[in-house]
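Colleague: Supplied in C-alpha cells, the structure appears directly below.
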Amino acid sequence: MELIFGGFQNVEQIVESAIQEDVDVIGLSIHSGAHFAYTQQVIDLLKERGVLDDVMILVGGIVPAKDFPKLKEMGVANIYGPGSMTSDIVEFIKTHVKK
Ligand code: B12
C-alpha cells in the first residue's frame, strides 16, 4: 500500500491528484472547523468527475463527535478526531479497501 501526502491543497488539487494517482482512499485533515464545507466540495467534485464510487473518503482533525453522523450521511466512511489511534485507521482501511 502506498501513501501520497498531498500537503496543503485546495479541493480541485485534491480531486485532480486523486484521479491521476487512481487512489482508493482520500484522507482529509481539517483543523479549521470547516469540515462540512470542504468535505461536501470534495464529494461534489468527485461526483462531477464521475469517480465518487471509486474512492473511500476519510476525515480527520478537529472534528467534534456530534458532527460524525452528518459527515457519514454525506458519504464519509469514517471520521477520526483528536486522540485517534493510527493503528485503528490502518485497520479500517485494510478492512474496507479490497485490492
Ligand atoms: C500543528 C498545528 C497546525 C499546523 C498543521 C501542520 C501540519 N502539517 O499538520 C498548521 C500551522 C498548518 C495549522 C493550521 C491551522 N490550525 Co492548527 N494546530 C496545530 C496543533 C498545534 C497541533 C495539531 C497536531 O498536529 N496534533 C497532533 C496530531 C497527531 O493530532 P491531530 O491533528 O488531532 O490528528 C489526530 C486526529 O485528529 C486524526 N487525524 C487528523 N487528521 C487526519 C486525517 C485523516 C485522513 C485521518 C484518517 C485522521 C486524521 O489522527 C491524528 C491521530 O490521532 C493544534 C493544537 C493541538 N495541540 O492539537 C492546532 C489546532 C488544531 N489548530 C487550530 C486552528 C484553528 C488552525 C487553523 C484554522 C488556523 C488558521 N486560522 O488558519 C489552520 C487550519 C489548517 C487546516 N487546513 O485545517 C485549532 C483548531 C480549533 C478548532 N477548530 O476547534 C487548534 C486546536 C489550536 C487551538 N487550540 O486553537 N495548525
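Read-outs: derived from the displayed coordinates by stated rules, not from any lab. Computed from a prediction, not measured in an experiment: that's the story for all the values here. Please note: Cβ atoms are built from the backbone with ideal geometry, for glycine as well, and neighbour counts cover all protein chains shown.
Colleague: Find the residue count for the stretch 59-85, including only residues that are more than 13 Å from the ligand (Cβ to nearest atom) and touching a helix residue (DSSP H, G or I) at 6+ places or on another chain (Cβ under 9 Å).
Modeller: Residues in the stretch 59-85 being more than 13 Å from the ligand (Cβ to nearest atom) and touching a helix residue (DSSP H, G or I) at 6+ places or on another chain (Cβ under 9 Å): 3 in total.
Colleague: Which residue out of VAL25, VAL59 is in contact (Cβ under 8 Å) with a residue 60 or more places away in the chain, closer than 17 Å to GLY6 by Cα and of a type outside the set (Gly, Ala, Ser)?
Modeller: Testing whether each residue is in contact (Cβ under 8 Å) with a residue 60 or more places away in the chain, closer than 17 Å to GLY6 by Cα and of a type outside the set (Gly, Ala, Ser) leaves just VAL25.
Colleague: Another question, if that's okay. Please determine, by comparing only the residues of the stretch 2-58 that are hydroxyl-bearing (Ser, Thr, Tyr) and surrounded by fewer than 16 Cβ atoms within 10 Å (Cβ to Cβ), which one is farthest from the ligand (Cβ to nearest atom).
Modeller: SER17
Colleague: For ASP53, which of the numbered conditions (1) touching a residue at least 12 places away in the same chain (Cβ under 8 Å); (2) under 17 Å from HIS96 (Cβ atoms) fails to hold?
Modeller: (1)
Residue-wise test of (1) over 21 Å from VAL15 (Cβ atoms); (2) part of a loop (DSSP other than H, G, I, E, B).
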{"site": "GLY60", "(1), (2)": "no, no"}
{"site": "VAL63", "(1), (2)": "no, yes"}
{"site": "PRO69", "(1), (2)": "yes, no"}
{"site": "ILE79", "(1), (2)": "no, no"}
{"site": "GLY83", "(1), (2)": "yes, yes"}
{"site": "ILE89", "(1), (2)": "yes, no"}
{"site": "PHE92", "(1), (2)": "yes, no"}
{"site": "THR95", "(1), (2)": "yes, no"}
